[in-house]
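Please read the structure below before turning to the comments.
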Amino acid sequence: SLAKAVRAKTGIDAASFRGVMLQGVTDQGEVKCLQWSDAQAALSQAGLCGWAWGQSVNGDNSSTLLTVTPPFDAFSDKAKGLVDQAREAVDEFAKLKTGFEAVSYHPMSIEVDAEELTAGRFIWVVVGTVIIVFAVIAARYRAALIPIKLFFTIALPIIAVEGMSVVVFQDGILNWTGIPSLHSSGGLVWINPVATTFMLIGFALDYDIFLFSRIYSDRKSGAFLDDEAAIVNAVAATGPVITTAGVIMCLSFSGMIVQHTNPFLSQLGFTMIFGILVDTFVVRTLLVPAFLSMAGRFNWWPGSMPSKEGSEQPRAVQMTEGAGQLLA
């Protein structure tokens with residue numbers, strides 16, 4: 001029977017199987033099925049059996065419901081394997097028992113299917129998003145180097161942040177802290193990279209464009225005739241705003257890691273906070289200025305910016321106080 005096939009494939013105790021066509025457990029610990037003659041005899045007597053039959057069997061007695069209660073959390077990672085095993089048992093039963101049709105269902109099966117579908121499309125959605133966004137920004141500033149810059153200052157840092165989340169919640173690198181929400185939970189919840197990647201891309205682009213547009217504006221207007229001065233001034237001018245925004249966003253996600261009852265929220269909160277801190281204090285403060293300084297005039301290629309060679313009388317500008325101190 002189907003119950004025996006599922007029992008053999010999953011290894012679940014026979015007592016966990018329930019159905020009006022089941023009659024308990026045999027002495028060997030196997031599922032005991034009810035014979036049709038015994039079922040007819042039970043139905044001839046009014047009572048609980050008749051009510052249960054009406055609840056789990058269709059009108060023409062051609063379909064019945066079989067339930068299995070696993071001895072573990074039905075929404076745990078272990079239950080994902082149970083879904084696959086149950087489906088294999090159902091498929092094998094359908095091949096052996098011609099003329100019969102069996103279907104398995106569990107809410108976890110929906111998540112398993114969603115995970116499989118998402119895993120197959122996630123990388124393509126990320127790549128498509130990155131290509132379109134980077135191309136639009138490059139077209140806006142008419143600079144061919146911008147997609148390369150954004151790859152090193154947005155894409156790679158986000159990959160590093162997701163990797164750090166794996167090290168924390170799979171390898172348990174922060175178990176020593178004693179903070180329950182940062183303990184290893186056996187790995188990342190599958191939806192965590194999906195939920196965090198695009199938010200981190202949005203935050204990184206926001207801070208990056210805020211800084212780069214200030215540099216671009218100062219250079220385009222001729223306020224600064226060399227990239228280094230414009231970069232230092234822009235970092236000093238936009239730094240407090242970016243830092244404040246980053247800290248506020250970290251505080252807004254902090255509630256997720258204060259609790260530890262929901263592993264997904266803990267992982268989401270850590271990934272977002274760590275990603276924002278990296279972007280605020282490392283990428284925007286060090287990586288972006290360093291990249292722009294090394295690229296020099298190639299930052300604007302194929303366009304060009306006013307330079308000392310092309311202007312005999314540079315404009316006098318009022319630099320940000322912090323920038324002036326840095327240049328000094």
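The values are calculated or read from the model by the stated rules, or taken from the named source; none is laboratory data. Here the structure is a predicted model, which is why all the values come from computation and not from measurement. Here the Cβ positions follow ideal geometry from the backbone for every residue, glycine too, while neighbour counts run over all protein chains shown. The accessibility values were calculated without ligands, DNA or RNA, using every heavy atom of the protein model including side chains. Shrake-Rupley method; radii C 1.70, N 1.55, O 1.52, S 1.80 Å.
Name the single residue that is nearest to the chain's Cα centre (by Cα) among those in region 1-54 being open to solvent by 50 Å² or more (accessible area, probe 1.4 Å) and among the aromatic types (Phe, Trp, Tyr).
Among them, the one singled out is 51.
Residue check: is residue 9 under 30 Å from residue 262 (Cα atoms) and not hydroxyl-bearing (Ser, Thr, Tyr)? It would help to see each step written out before you state the result.
Numbers: under 30 Å from residue 262 (Cα atoms): no; not hydroxyl-bearing (Ser, Thr, Tyr): yes.
Against the criterion (under 30 Å from residue 262 (Cα atoms) and not hydroxyl-bearing (Ser, Thr, Tyr)), residue 9 does not qualify.
Determine, yes or no, whether residue 247 is of a type in the set (Val, Ile, Thr), open to solvent by 50 Å² or more (accessible area, probe 1.4 Å) and touching a Ser or Thr at 6+ places or on another chain (Cβ under 8 Å).
Working: of a type in the set (Val, Ile, Thr): yes; open to solvent by 50 Å² or more (accessible area, probe 1.4 Å): yes; touching a Ser or Thr at 6+ places or on another chain (Cβ under 8 Å): yes.
For residue 247, the condition - of a type in the set (Val, Ile, Thr), open to solvent by 50 Å² or more (accessible area, probe 1.4 Å) and touching a Ser or Thr at 6+ places or on another chain (Cβ under 8 Å) - is met.
Do any helices (runs of 4 or more DSSP H) lying entirely in region 229-328 carry at least 2 residues that are within 27 Å of the chain's Cα centre (by Cα), more than 14 Å from residue 215 (Cβ to Cβ) and modelled with pLDDT of 90 or more, and which ones are they? Let's see the steps before the verdict.
Values: elements: 263-278, 288-295, 321-327.
Counting at least 2 such residues, we get 263-278.
Please pick out the residue among 161, 103, 112, 136 that is closer than 26 Å to residue 277 by Cβ and either crowded, with 17+ Cβ neighbours inside 10 Å or not aromatic (Phe, Trp, Tyr) (or both).
Numbers: 103 fails: closer than 26 Å to residue 277 by Cβ; 112 fails: closer than 26 Å to residue 277 by Cβ; 136 fails: closer than 26 Å to residue 277 by Cβ.
One residue alone meets the criteria, 161.
Going by the conditions given, is residue 153 part of a helix (DSSP H, G or I), under 30 Å from residue 213 (Cβ atoms) and of a type in the set (Ser, Thr, Tyr)?
yes
Among the residues of region 186-225, write down those that are surrounded by 19 or more Cβ atoms within 10 Å (Cβ to Cβ) and among the small types (Gly, Ala, Ser).
204
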